[in-house]
Amino acid sequence: MTATDEREGFSHSRTLTIEWGHCDPAGIVFNPNFFGFFDWSSALLLEAAIGLPKPALLAAHDLIGIPLVETGARFLKPSSYGETVEIVSTVVEVGRSSFAIRHRLLNAGTLAVEGRERRVWAGHHPEERGRMKAAPIPEAVARVLRGEAVP
């Protein structure tokens, strides 16, 4: 997916204060921690879009989960202990059973990290109850994620 074929869908933002435990000995965020920030931001985006916290969302749709199947990031500017950053998470693609989210971490209004994720709407495998299988995203949910309907 290139930047030119991304369409903006549902978006959610949050602020986060960088804590000492997020940082390496130099006092800047240890890069793998950004993926944890983005994972939680995805959960909050879904909660805002669908109106249910993740456990209730999974139960309501008989899902095992919404696993991450692809991720990546560009690190442009370090973030340090004590700084407050904003994470803007936006759905940029909705398919039959997967969707993509772009995360923009802004530090003092400047893009510091840009991340991306692809997640799958995963239900129970019809023959093996403990296994997952991609399931169609319900149309009402897809419409909200695409930004075509209000939550």
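The values are calculated or read from the model by the stated rules, or taken from the named source; none is laboratory data. Quantities reported herein were computed from a predicted structural model and do not represent experimental measurements. All Cβ positions, even for glycine, are placed from backbone atoms using ideal geometry, and neighbour counts span all protein chains on display.
Within the stretch 103-111, does at least one residue satisfy the condition of being touching a residue at least 60 places away in the same chain (Cβ under 8 Å), of a type outside the set (Gly, Ala, Ser), farther than 12 Å from Ser41 by Cβ and assigned to a strand (DSSP E or B)? Show your work before the answer.
Narrowing the stretch 103-111 to residues touching a residue at least 60 places away in the same chain (Cβ under 8 Å): 103, 105.
Imposing the further condition that a residue be of a type outside the set (Gly, Ala, Ser) reduces the set to 103, 105.
Subsequent filtering for residues that are farther than 12 Å from Ser41 by Cβ retains none.
No: the stretch 103-111 contains no residue that is touching a residue at least 60 places away in the same chain (Cβ under 8 Å), of a type outside the set (Gly, Ala, Ser), farther than 12 Å from Ser41 by Cβ and assigned to a strand (DSSP E or B).
Filtered by the rule that a residue be under 21 Å from Ser79 (Cβ atoms) and surrounded by 21 or more Cβ atoms within 10 Å (Cβ to Cβ), the stretch 43-56 gives a lone residue, Leu45. Contact map, the stretch 16-45: residues that are within 21 Å of Ala100 (Cβ to Cβ) and without any contact (Cβ under 8 Å) to a residue 24 or more places away in the chain paired with residues that are of a type in the set (Lys, Arg) and in a helix (DSSP H, G or I), Cβ distance under 7 Å, separation 6+ or inter-chain. Pairs shown: Ala43/Lys54. I'd like to check something: does the stretch 91-99 contain any residue that is closer than 19 Å to Ala149 by Cβ, out of contact with any helix residue (DSSP H, G or I) (no Cβ under 7 Å at 6 or more places or on another chain) and either part of a helix (DSSP H, G or I) or at pLDDT below 95 (or both)? No, that holds for no residue. Total residues in the stretch 56-80 satisfying the condition of being at pLDDT 95 or above and of a type in the set (Asp, Glu): the figure is 1.
Take Thr90 and tell me if it is among the polar types (S, T, N, Q), under 29 Å from Pro32 (Cα atoms) and surrounded by fewer than 18 Cβ atoms within 10 Å (Cβ to Cβ). So that I can check it myself, show each step before the final result.
Values: among the polar types (S, T, N, Q): yes; under 29 Å from Pro32 (Cα atoms): yes; surrounded by fewer than 18 Cβ atoms within 10 Å (Cβ to Cβ): no.
No, not satisfied.
For the stretch 51-86, the set of residues classified as in a loop (DSSP other than H, G, I, E, B) and free of Cβ contacts under 8 Å to residues at least 12 places away in the same chain consists of Leu52, Pro53, listed by residue number. Suppose the filter is under 18 Å from Arg14 (Cβ atoms) and within 15 Å of the chain's Cα centre (by Cα); does Ala112 pass it? Here the answer is no, as Ala112 does not meet what is asked. The combined condition, being in a strand (DSSP E or B) and not acidic (Asp, Glu), is not fulfilled by Val144.
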